[in-house]
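FYI, it's all coordinate maths here, none of it is from the lab. No experiment lies behind these values; they were computed from the predicted model shown. Because the Cβ atoms are built from the backbone with ideal geometry, glycine has one as well, and the counts that use them run over all protein chains shown.
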Amino acid sequence: MLSSSCDSFPSVRLLLHGLCSNTTVKYLDLKGNNLRTMGAQALGKLLMQNKSIRRLTLEWNSLGMWEEGFSFFCQGLRANNFLQHLDLRNNQINHQGAGELAMALTQNSSLQELDLRWNNIGLLGGRALLNCLHSNKTLKRLELAGNNVPGDILNAVEQALDHNQDREAILSEAQNQVNILSKEVLSLKDEKNKQFMDFVDTVDKQKEERARSEKMSAARVSQLQEALDEQYSIMNSLKTRLQMTEAALALSEQKVHSLGELLNAVKQEQNSVAECHFRELQQQKQEGADREGRLLHDLSAASEKNLLLRNQVDDLERKCKVQQDQLFQVKQDLTNTTAELKLRAVEAEERLEMEKRRFKQSLEDVESLRVKEVDRMAQHMEASERSMHNRIQRLEAIRISLEEELSQVKAAALTERGQAEEELIKVRSQARLEEQQRLEHLEEKLRLMTESRDEAQNCCLKQKEMVAEAQAKAKQLSLYADGLRRKLDELQQDLDSKEEEKVAELNKVKVELQEKIGHLEAERAAQDGLREKIAALERQLKALSSNHREALLDKEGEISLLLEKLRMKEAEISRMREEEAQRASFLQNAIMAYVQGSPLGTHGSRK
């Protein structure tokens with residue numbers, strides 16, 4: 001605050017010149033200094049250059065007497081956008097000075113209070129100030145007492161100032177609401193970012209746990225591989241031992257005939273089994289096509305619902321654990337089957353040794369046929385082992401596909417909806433690949449069955465040739481037939497028991513195949529459940545996003561309503577200004593008519 005009451009003008013001019021570059025003085029009081037023309041020009045220059053003064057008091061300075069200086073002062077006020085309070089009381093400002101002030105106020109956007117009391121503004125000056133309030137929206141207080149301004153103009157000025165105050169209050173309220181809404185939006189964005197970071201952390205933890213489980217499963221698979229290698233070595237030793245007994249079964253004609261009939265029956269049974277497998281394959285293909293259509297429909301529906309999977313990560317983890325338990329169960333089944341095969345191989349070895357001791361010369365042909373059957377069983381075992389390996393690979397592929405889906409969900413959360421469609425295309429292609437792998441597995445089974453059927457047919461042809469050779473030899477060995485019939489009966493009983501064992505083993509293999517098919521169907525059902533849960537999560541995500549959009553739309557609607565109210569207020573203010581202008585013009589016309597028709601006017605005309 002700076003107050004000055006200088007008697008000489010040069011000191012005031014020096015003071016004003018120094019204040020042009022000052023940045024600390026905010027209140028300047030120059031009351032009663034008789035500034036006149038040069039002082040008004042210095043004040044105009046001060047208002048143009050100074051940016052810190054907020055309140056200026058110029059009472060009792062007779063600025064309005066010097067029109068040129070006061071015009072320069074008004075130009076400085078027009079260019080200033082920092083002064084808020086101006087006191088011009090008792091400065092002898094007439095209606096022309098009031099017009100200059102009105103022109104300055106039309107472009108000034110910072111002045112809030114103006115005190116013009118005890119001047120000589122009159123009707124014309126009051127009207128000019130009233131007109132300037134139509135464009136000035138910042139002036140809130142204007143004092144015009146003691147200026148010979150009519151009461152209706154004073155009332156109109158007061159109403160215009162009230163409208164300015166109302167407008168300022170509405171604008172401040174709207175700005176506050178906008179600030180509140182922006183804060184709410186920022187808080188929502190922060191909360192979303194926090195939720196997303198939590199989801200990323202949980203996914204990373206699950207990846208680490210899954211990596212540890214993969215290492216453990218790899219170690220278990222290596223152990224199983226070593227056990228399978230041992231089983232292969234045992235089977236090779238059994239093959240070598242069985243090859244030593246190939247020449248012990250050459251003279252059994254009736255046994256060959258019975259075995260031929262048995263092989264024909266087995267051939268028919270294999271044909272029926274092949275037909276059943278072919279029908280099952282066709283049915284599975286049809287189911288795969290239907291499932292692919294359902295999957296495509298589900299995936300198209302899931303393209304809009306893939307952003308909030310954080311609450312179902314635990315379910316996915318439990319499903320992964322269930323699949324790992326299934327993989328462990330499959331491996332245990334594999335170890336059990338290998339153990340059973342070892343026991344069967346040991347039992348077969350003991351039986352072969354006993355038969356070798358008892359029937360060295362009479363069981364050559366029967367043992368050769370048994371060698372062929374054992375080879376066929378070995379092939380069947382190898383086929384079953386291959387199927388188990390394929391199943392393990394499929395389970396690993398499913399686990400890898402689940403990891404890929406999690407990584408795709410993370411990428412979709414980062415890149416939002418644009419990349420979600422690409423991820424859905426990847427998932428769709430992955431589902432097709434899984435279906436193709438299953439179809440290839442079934443086709444491999446069918447191929448193995450056809451190969452076994454072809455092998456059985458070849459065995460039948462060889463047996464027929466052996467029967468022809470045996471019939472040729474029967475003429476030469478008819479003398480030995482009577483002595484060997486009893487042995488053949490015993491062999492027949494043994495072979496019947498062995499055939500029953502073979503039938504039992506075939507039934508066990510069928511049961512195992514059915515159990516594997518049931519496990520595969522259970523895995524498919526589990527995958528369908530996972531997809532349904534993913535779809536439910538995506539629906540929840542869509543609902544949350546729609547709620548968020550609705551909230552934003554409600555806030556935008558409130559802002560638009562406030563803006564509409566503001567426009568209505570401004571329209572009402574403009575209408576009232578027009579009405580006041582019409583009323584002022586009407587009063588002016590009435591006053592002029594009254595002045596022209598008054599006795600004073602007639603006396604003046606007579607003189």
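Sorting 540-550, 64-74 by average packing, meaning the other beta carbons within 10 Å per residue, from highest down gives 64-74, 540-550. Think of the chain as a dipole: +1 on every Lys or Arg Cβ, -1 on every Asp or Glu Cβ, centred on the Cα centre; then among Leu341, Leu251, Leu114, Leu114 lies furthest on the positive end. The long axis of helix 478-597 is offset from the longest Cα principal axis of the chain by roughly 10 degrees. Within straight-line reach of Lys215, meaning a Cα separation under 20 Å, sit the following lysines at least 8 residues removed in sequence or on another chain: Lys205, Lys207, Lys319, Lys321, Lys331.
From the convex hull of the Cα coordinates of region 9-149, what is the mean projected area in square nanometres? Working shown, then result.
On the way: hull surface 27.3 nm².
Its Cα hull, projected and averaged over all orientations, spans 6.8 nm².
In terms of the Cα gyration tensor, with a ≥ b ≥ c the square roots of its eigenvalues, is region 436-530 rounded because a/c is under 1.5, prolate because a/b exceeds b/c, or oblate? It comes out oblate by the Cα gyration axes.
Between the helical axis of 313-358 and the longest alpha-carbon principal axis of the chain there is an angle of about 10 degrees. Between Ile392, Ala551, Asn176, the Cα set farthest toward the positive side of the dipole of the chain (charges on each charged residue's Cβ, about the Cα centre) is that of Asn176.
Relative contact order for the chain: 13 percent, from Cα pairs under 8 Å spaced at least 6 residues apart, divided by residue count.
Based on Cβ point charges of +1 for Lys and Arg and -1 for Asp and Glu, what charge dipole magnitude is obtained for the chain about its Cα centre, in debye rounded to the nearest 20?
Values: 90 positive and 101 negative charges, 569 e Å.
That gives the chain a dipole magnitude of about 2740 debye.
Put simply, region 470-585 fits an ellipsoid with semi-axes of 107, 12, 4 Å; these come from the alpha carbon gyration tensor as the roots of five times its eigenvalues, largest first.
Trypsin sites (Lys or Arg not before Pro), restricted to region 30-116: which are DSSP loop and have at most 15 other Cβ atoms within 10 Å?
Working: sites: Lys31, Arg36, Lys45, Lys51, Arg54, Arg55, Arg78, Arg89; in loops: Lys31, Lys51, Arg54, Arg89.
Listed in order of number, the matching sites are Lys31, Lys51, Arg54.
Against the chain, whose longest principal axis comes from its Cα atoms, helix 95-107 is set at around 10 degrees. Candidate cross-link partners of Lys565 among the lysines, defined by an alpha-carbon separation under 26 Å and a same-chain spacing of 8 or more, comprise Lys137, Lys140, Lys183, Lys555.
Calculate log10 I(q)/I(0) of region 93-241 for q = 0.18 Å⁻¹, where I(q) comes from the Debye formula with a single equal point scatterer on each Cα and nothing for solvent. Taken in order of the listed q values, log10 I(q)/I(0) reads -1.01.
Based solely on its DSSP helices, what 222 nm [θ] is calculated for the chain when runs of n ≥ 4 H residues each add -39,500 (n - 2.57) and the sum is averaged over all residues, nearest 500 deg cm²/dmol? The partial results should precede the final answer.
Working: 11 runs with 492 residues, N = 607.
Helices in the chain give a 222 nm mean residue ellipticity of -30000 deg cm²/dmol.
Work from the charge dipole of region 9-149 (Cβ charges, +1 for Lys and Arg, -1 for Asp and Glu, about the Cα centre) and give the residue of Phe82, Leu58, Thr37 farthest towards its positive end. The residue sitting farthest along the positive end of the dipole is Phe82.
For Lys475, the lysines whose Cα falls under 25 Å of its own Cα, not counting residues fewer than eight places away in the same chain, are Lys255, Lys360, Lys462, Lys464, Lys487. Under a model in which nothing but the beta-carbon of Lys, Arg (+1) and Asp, Glu (-1) is charged, region 9-149 shows a dipole of about 360 debye around its Cα centre.
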